[in-house]
Amino acid sequence: MVPALLRDRVFRRYWSASTVSMFGDQISGVALPLAAVLVLHAGAAQMGYLTALEWLPSLLFGLHAGAWVDRRGRRRRTMIAADLGRAALFASIPAGYALHMLTLPQLYAVTFGAGVLSILFNVSDATLFVSIVAEERYVDGQSLIYGSRALSFVGGPSIGGILVQALSAPVAVAAGSLYSSSNVVTGSDTGTLLRDGGVDTQLRRPGGGR
């Protein structure tokens, strides 16, 4: 039986885009450290710096990003811009590799920049969710989203490893980023559907049937 939320066009596009993005993030998350190790022969300390830079944006900008997005609005546009920005950053890795110019400082900069953009994406995503799903269906919606996330945790790294083996780590980074940013196409009309009243009124009505 298809869950009621997946019969709603707006949520179905949002969920599909989120699922695609999660898989892409997992692929890039595996491929980028492998690029540092396999291509640049990074040591333990350098890998520690890379991991720290991945999480540093959350510490520095987590609270401020949420307030900024809340004041600015335009959540879907922010998500699209963040995804396209991450794709551009990750695309610089195979470009540098092809030109024999790839360096660890570049990987550090890409990791930090992508982390900042991920913060903007995630805080926008949280507020977009509550504008799409009625309060009484939050649990149902989160169950679908977290189910996709769990699946991406299992399948994404496996796909990432296969891509690294087949294409090289730098190219796999870009492939994962392109896969992730394809949700711009999958879900780009979510905002239009919301403005046009595309959410199923039965789904958003308090006490609506499950």
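The values are calculated or read from the model by the stated rules, or taken from the named source; none is laboratory data. This is a predicted model, so every value here is computed, not measured. Every residue, glycine as well, gets a Cβ built from its backbone with ideal geometry; the counts of neighbours run over all protein chains shown.
A few points about this structure:
- Test: residue in region 168-189 that is at pLDDT below 90 and acidic (Asp, Glu): yes
- Some residue of region 161-172 being out of contact with any Asp or Glu (no Cβ under 9 Å at 6 or more places or on another chain), in a helix (DSSP H, G or I) and over 23 Å from Leu107 (Cα atoms): no
- Looking only at region 52-63, and only at residues there that are buried (at least 16 other Cβ atoms within 10 Å of the Cβ) and within 16 Å of the chain's Cα centre (by Cα), the one that is farthest from Val173 (Cα to Cα): Pro57
- Just one of the listed residues (Ala17, Ala36, Ala31) is under 25 Å from Leu84 (Cα atoms), in contact with a Leu (Cβ under 6 Å, 6 or more places away or on another chain) and not charged (D, E, K, R), namely Ala36.
- Yes/no for Ala82 being farther than 14 Å from Ala175 by Cβ, among the aliphatic types (A, V, I, L, M) and either free of Cβ contacts under 8 Å to residues at least 24 places away in the same chain or surrounded by fewer than 21 Cβ atoms within 10 Å (Cβ to Cβ) (or both): no
- The lone criterion from (1) assigned to a helix (DSSP H, G or I); (2) surrounded by 15 or more Cβ atoms within 10 Å (Cβ to Cβ); (3) at pLDDT 90 or above left unmet by Gly66 is number (3).
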